[in-house]
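Have a look at the structure below before the remarks.
The values are calculated or read from the model by the stated rules, or taken from the named source; none is laboratory data. Keep in mind it's a predicted model, so treat the numbers as computed, not measured. Please note: Cβ atoms are built from the backbone with ideal geometry, for glycine as well, and neighbour counts cover all protein chains shown.
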Amino acid sequence: MTVVYMLWLRQLKRYIRSRARLVGSLGQPLLFLVALGFGFGPIFRRAGQGDYIQFLAPGVIAMTILFTGMFSGIELIWDRQFGFLKETLVAPVPRPLIMLGRTLGGATVAVLQGSVVFAISLLIGFRVHSGWAVLAAYVYMALIGITFTALGTAIASILSDFQGFQLVMNFLVMPIFFLSGALFPLSNVPRVLGAVAAADPLSYGVDGLRSALTGTAFFGPAVDFAVLAALSVALLALGSYCFSRIEL
C-alpha cells in the first residue's frame, strides 16, 4: 500500500504546484454558474421551478469533478511518453495497485476542484438545506471522482497519444454532461431523452448531489448511491485490467 500512497501523494503535489491549472479549470464552471445561473434564472422561476442557482450548482459541481477526473488520464499518457511510467511499472508491485494509487490521487484532485466550485456557489447565493447534508454530498463527490477517474485511466491505458485521447474525451465528456440533467430537470423530458439520461452514469451523481444539498431528487438517494458505488467498483476493475495490459 506504500506505492498507492506515494502515487496518491504525487497527484496531489502536481495539483498544488500547478496554479495555472487550478485557475484555468475554474473558468468553465464560473461561466455556467454566472451566465446560465443568472441568465436563465428568471425564465426558470417563471416556469414554476424555483431558484435556478439552487438547481444548477450541484450539476456544475458534478461537471467539475467529471472533467477533472476524466482528463487526469492525460497524465498517464504524459508519464508514458516521458518515462516515468516505465520506472513505476518495473517496480515489484502489482499493476492494479499502481492503477489504484493513480486513480485515488486523480479522484482526490477532482473532489478538491469540486470543493472550490462548491465554495464559489455558496458565495453567489447557493444555499444548503442542512449542514449534515454536506457530508453526504462529499460521499457522492468521491464516488463521481473515482468512477470517472477510473474511466479516464482505462481509456488512457489503451491509447498512446494525446490526439486520440482528446478525440475520445470530446465524444464522451460533453454528452455525459449535457445528458445528465445537470442543466435541466429530467421530470418532464421526452421519453427517449429520459431513457438516455437514465443510462448516463453522471445523472446519478448529479441527482445524488442535488438530493444531498437541496433535498430534491429524481431517482432517489438510495438508487443514486447504489448505481455510483457499483459503477466505481466496475470501472476500477476495468481500469486495472486495461492498465495491466500496457506495453512499453
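Of all residues in segment 158-184, those satisfying the criterion of being assigned to a helix (DSSP H, G or I), modelled with pLDDT under 85 and not hydrophobic (A, V, I, L, M, F, W, C) are GLN163, GLY164, GLN166, ASN170. Against the conditions (1) under 20 Å from MET99 (Cβ atoms); (2) surrounded by fewer than 21 Cβ atoms within 10 Å (Cβ to Cβ); (3) not aliphatic (A, V, I, L, M), PHE171 satisfies every one except (1).
Does segment 67-75 include one or more residues that are buried (at least 17 other Cβ atoms within 10 Å of the Cβ), touching an Asp or Glu at 6+ places or on another chain (Cβ under 7 Å) and at pLDDT below 75? No, because not a single residue in segment 67-75 is buried (at least 17 other Cβ atoms within 10 Å of the Cβ), touching an Asp or Glu at 6+ places or on another chain (Cβ under 7 Å) and at pLDDT below 75.
Exactly one residue among SER115, SER160 is surrounded by fewer than 18 Cβ atoms within 10 Å (Cβ to Cβ) and more than 14 Å from the chain's Cα centre (by Cα), and that residue is SER160. Out of curiosity, is SER232 assigned to a helix (DSSP H, G or I), in contact with a Pro (Cβ under 6 Å, 6 or more places away or on another chain) and small (Gly, Ala, Ser)? For SER232, the condition - assigned to a helix (DSSP H, G or I), in contact with a Pro (Cβ under 6 Å, 6 or more places away or on another chain) and small (Gly, Ala, Ser) - is not met.
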